[in-house]
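Student: I have a structure I would like to understand better, so I am pasting it below and will then ask my questions one at a time.
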Amino acid sequence: MRRQIIKIDEAKCNGCGLCVPQCAEGAIAIVNGKAKLVRDSYCDGLGACLGHCPEAAITIEEREADGFDEARVAQLRSSKHWPPLGRAPLLRLVEKPAPEDCDSGGCPGSRAMALGSPPTQEDARAERELPSQLRQWPIQMHLVSPLAPQFREQHVVLAADCAAYAYADFHRRFISGHALAIACPKLDEGQDLYVEKLAALIDQAAIISLTVVIMEVPCCMGLLRLAQEAVVLAKRKLPIHTVTIGVRGDIVKESVWAPAG
């Protein structure tokens, strides 16, 4: 059908994200540092977001588009994980690699950046604080770019959100010397995109290894299944080292999965 719908000028958009919370339907997300229309059917075409863009990058146009799906939007709004800020499950990965400095433009909260070398244990003892081993940002799967240089030819850990809170030695055991991505297989939407990103990490970023850290709760197995799907989808084949953390904070199981053939 032909109707009015928003149009976002990427050349003008600076990725500030001010338009995202103004869209009550969740039709806009920040992807690769730019505002994107997630789905035509999520946009009612009324343009409530227009006045909140400091760069005047959003306008209304009339074109062929799917009709506004009010029932689906209402269903999403009643879900536990609303609003879906910064999420765009239908968008595909860009082929252009991210610039090496990864800190020009875009929303500061989702901008990729290298955090530098972590302090030494000696420095930490002097300050009476444990050093963070985190080497890159962002870490949430919806926000990370598999083409960011921080993932290139690195050992990668994909961890359930809860794992770092449950396992006290998480930084030393799982982050030191690794690039990190986190996700929740129970609450996160758009998990098909996770499979694509993980496959891109394997093929395009040429990661060295993949470790999946999950909790012992049943829903956490979904994260391992996503990683397995990605390995099957990818051209390169990697084994997956899985570490299961108990709710009491201990490691209850370690295993290795490899694709058939």
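Student: 7 Å from Cα along Cα→Cβ at both Arg172 and Arg225: what's the point-to-point distance in nm?
Tutor: Result for the modelled spin labels: 3.6 nm.
Student: Mind checking the log10 I(q)/I(0) for segment 113-257 at q = 0.11, 0.14, 0.18 Å⁻¹? Debye, one equal scatterer per Cα, no solvent, two decimals.
Tutor: -0.39, -0.64, -1.03
Student: Which net charge results for the neighbourhood of Ile245, defined as the other residues with beta-carbon distances under 13 angstrom from its beta-carbon, given Lys and Arg at +1 and Asp and Glu at -1? Kindly include the intermediate steps, with their values, before the conclusion.
Tutor: Numbers: positive: Arg173, Arg248, Lys253; negative: Asp161, Asp169, Glu216, Asp250, Glu254.
For residues surrounding Ile245, the net value is -2.
Student: Another question, then. Can you figure out the FRET efficiency of Leu130 with Ala71, using R₀ = 35 Å and their beta-carbon distance, to the nearest 0.05?
Tutor: E between Leu130 and Ala71, to the nearest 0.05, is 0.10.
Student: Nearest 0.05, what FRET efficiency do Tyr165 and Thr59 give at R0 = 45 Å with Cβ-Cβ as r?
Tutor: On the way: r = 44 Å, r/R0 = 0.97.
The computed FRET efficiency comes out at 0.55.
Student: Order these peptides, 44-52, 157-165, 25-33, by their mean beta-carbon neighbour count within 10 angstrom, highest first.
Tutor: Highest-to-lowest ranking by the protection proxy: 25-33, 157-165, 44-52.
Student: For Glu153 paired with Glu10, estimate the spin-label separation in nm (one decimal), with each label point 7 Å from Cα along the Cα-to-Cβ line.
Tutor: 2.9
Bear in mind that the values in this text are calculations on the coordinates, not laboratory data. Keep in mind that this is a model prediction, so the values were computed, not measured. Here the Cβ is made from the backbone with ideal geometry for all residues, glycine too, and neighbour counts use every protein chain on show.
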